[in-house]
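Trainee: What follows is a single structure, and I will ask about it in a moment.
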Amino acid sequence: MSMRQRRAVVPRGIPAAVVLALSLAGCGTQVAGAPSGAGSGTASAAASASASASAVAPGVPAASLGFTRYPDSVEWPSVSDYVPPGEGLQRLLTDGSCVLGIGTFQNGYRSVPVNWASGPGCTRLTLSPTPGSGDPAAGGDGPPAATGGWNGGGVYGQAVVRWTDGSLIAVNGEVDRVYPNGRDRRLADLGLPVPANPNSESEDQGEVSTAIRVGNRLLIGGGEMLSEVYHPLLWTSDDVGATVHRVPLPMPSGRAADTGVGALAADGATVVAVAAGASNAYSNVPQGQLATWSSTDAGAHWTVHTVDGLPAGSTITGVVRLADGWLAYGSIVHYGDPDRPLVLTSTDGSSWKRSDGPAMGPGDLVAATVDAAGRAVLVGHQTIPATRADTSPSYCGAVWVGDGSAADWRRGALGCGAEPPAAVTTLSDGRVLIAGNRDLWLGRPKR
């Protein structure tokens, strides 16, 4: 299971694995000159990766697909050499000619919001402001008893959307708007239940997983658990988050909607929503059903659909609009078997089919973008289990490029280590940027 999916809206919590810092050589063209990130690999972890090297799925070097690797070009998001799985850099938003990185920083006490600014040519991502640097924008420098901990000072949310005026809309249990001048404003509360015990898996609770802009409308997707029954949720806002309204979603029969809304994408006024997992996402039932919804009026009204026959462990991470249709992506996670990519495609947003296959190899899909030619660029990793009790898992990053058909995917190798790629976006000049907590890759995808 991918690190991001461990943080997704799901009906039952999934514990995160503990992963030690590890740095191994990767694939693709390396560009020297970037300062090394904090932390170093351990001999035991290196031994684990080396012993499992034969298990790594084959793939062409990333350079063969047009990507250049820039090692140690992402400023390390921790005061120590450890970043918990799923933390650190989590998403990339286009920002003028380059990107803004969004994620968390481990300040020695807790995880705090942080952003990364991009350097010339988009070949380096630097914390901005650096937590604990003394920059007033980064908040206090002291321990929790003094100032509440070293604050990150960054924009953060389970979903973040750039608005037409350049402001950022960050959505958690409420909506916040951060303007280009740095001023921020707390807006609407989504009214989600908050459990008395944050670690409880049975108390009423809710979470946001996705948000998009559709014209001048903000759409937010998530879910809530009430009396141990999960319900998918959608909200709309026509005043940039000042007020929000829950939109009724038609429910399919059975348990196809037993998770939250996990992904949203739009093309004009047409919107597609996909549940975070199939009915068998967390069971061994062999034939699962996944709920999807479509709207032709910017999310005001919805029609429900189902995708049948999905294998046990089918989860969804996101959905994108391709040149000629829609693509939803995620993973098939089944205990005892390697995780496998899950890809669904649709030409109309209502009828979906499987578009993955053995040629993609094993791995989890964690992020996606669409290149200048309208092709999908998927990013993920293959987990290499530890071979001994004193070693840790490692992750071999991968990129897949294709038109969405099962036979068209090409897999590129991004290297192995403790910090796999976590985010991807297409820049304004058509280049595609992939980044994790240490390295980034940049290029124009080619076949």
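Trainee: Measuring with a 1.4 Å probe in the full set of protein chains, what accessible area per residue, in whole Å², belongs to the range 309-430?
Mentor: Numbers: 3900 Å² over 122 residues.
It amounts to 32 Å² per residue over the range 309-430.
Trainee: Modelled label-to-label distance, VAL229 and ASP408, 7 Å Cα→beta-carbon offset: nm?
Mentor: 4.2 nm
Trainee: Determine the shape class of the range 384-445: with a ≥ b ≥ c the square roots of the Cα gyration tensor eigenvalues, call it rounded for a/c under 1.5, and otherwise prolate if a/b is greater than b/c, oblate otherwise.
Mentor: On the way: a/c = 3.83, a/b = 1.66, b/c = 2.30.
Judged from the Cα gyration tensor, the range 384-445 comes out oblate (a/c at least 1.5, b/c at or above a/b).
Trainee: What percentage of the solvent-accessible surface of the range 209-315, computed with a 1.4 Å probe over protein heavy atoms, is contributed by carbon and sulfur atoms? Let's see the in-between values first.
Mentor: Numbers: 1970 of 3920 Å².
With neighbouring chains kept in place, the figure for the range 209-315 is 50 percent.
Trainee: Pulled fully out, how much extra length does the chain show between ASP308 and HIS245, if you take 0.36 nm times their separation in residues and subtract their Cα-Cα distance?
Mentor: Details: separation 63, 0.36 × 63 = 22.68 nm, distance 3.06 nm.
Net length gain for the segment: 19.6 nm.
Trainee: Apply the a/c threshold of 1.5 to the C-alpha gyration tensor of the range 295-343 and tell me whether it is rounded, prolate or oblate. Each step should come with its number before you reach the end.
Mentor: On the way: a/c = 3.10, a/b = 1.99, b/c = 1.56.
Prolate, since a/c reaches 1.5 and a/b exceeds b/c.
Trainee: In whole angstrom, note down how far apart the Cα centers of the range 254-308 and the range 324-403 are.
Mentor: 18 Å
Trainee: Right, here's the next one. Contour minus end-to-end for SER64 and SER80, with contour as 0.36 nm per residue of separation and end-to-end as the Cα-Cα distance? Before the final figure, lay out the partial values.
Mentor: Values: separation 16, 0.36 × 16 = 5.76 nm, distance 3.48 nm.
Here the answer is 2.3 nm.
Trainee: Could you tell me whether the range 51-106 comes out rounded, prolate or oblate from its Cα gyration tensor? Rule is a ≥ b ≥ c as square roots of the eigenvalues, rounded for a/c under 1.5, then prolate if a/b exceeds b/c, otherwise oblate.
Mentor: Details: a/c = 2.45, a/b = 1.23, b/c = 1.99.
The shape class here is oblate.
Trainee: Where the accessible area of the range 323-396 is counted over protein heavy atoms with a 1.4 Å probe, how much of it, in %, is carbon and sulfur? Provide the component values of the computation, followed by the final result.
Mentor: Working: 1530 of 2810 Å².
Ligands and nucleic acids excluded, carbon and sulfur give 55 percent.
Trainee: Can I ask one more? Expressed in nm to one decimal, what extension gain is obtained for the pair LYS353 and ARG447 from 0.36 nm per residue of sequence separation less their Cα-Cα distance?
Mentor: 31.5 nm
Trainee: Separation between the ALA323 and ALA373 pseudo-spin-labels, each 7 Å from Cα along Cα→Cβ, expressed in nm?
Mentor: 0.7 nm
Trainee: Quote the relative contact order of the range 221-324 in percent (integer), defining contacts as alpha-carbon pairs under 8 Å separated by 6+ residues.
Mentor: Details: 266 pairs, mean separation 24.8, N = 104.
24 percent.
Trainee: Relative contact order of the range 350-447, please, whole-number percent, based on alpha carbon pairs below 8 angstrom and at least 6 residues apart.
Mentor: On the way: 214 pairs, mean separation 23.8, N = 98.
Contact order relative to length: 24 percent.
Trainee: For the range 170-267, run through the trypsin sites (Lys or Arg not before Pro) and keep only the ones in DSSP coil with at most 12 other Cβ atoms within 10 Å of their Cβ. Write down the numbers at each step before the final one.
Mentor: Working: sites: ARG177, ARG183, ARG185, ARG186, ARG213, ARG217, ARG246, ARG255; in loops: ARG183, ARG255.
Answer in residue order: ARG183.
Trainee: With a cut-off of 8 Å between alpha carbons and a minimum separation of six or more residues, what is the relative contact order of the range 290-428 in percent?
Mentor: After rounding, I find 17 percent.
The values are calculated or read from the model by the stated rules, or taken from the named source; none is laboratory data. Here the structure is a predicted model, which means the values were calculated and not measured. Here Cβ is always computed from backbone atoms with ideal geometry, including for glycine, and neighbour counts include all displayed protein chains. Just so you know, the surface numbers come from the protein's heavy atoms only, side chains and all, with ligands and any DNA or RNA stripped out. Shrake-Rupley method; radii C 1.70, N 1.55, O 1.52, S 1.80 Å.
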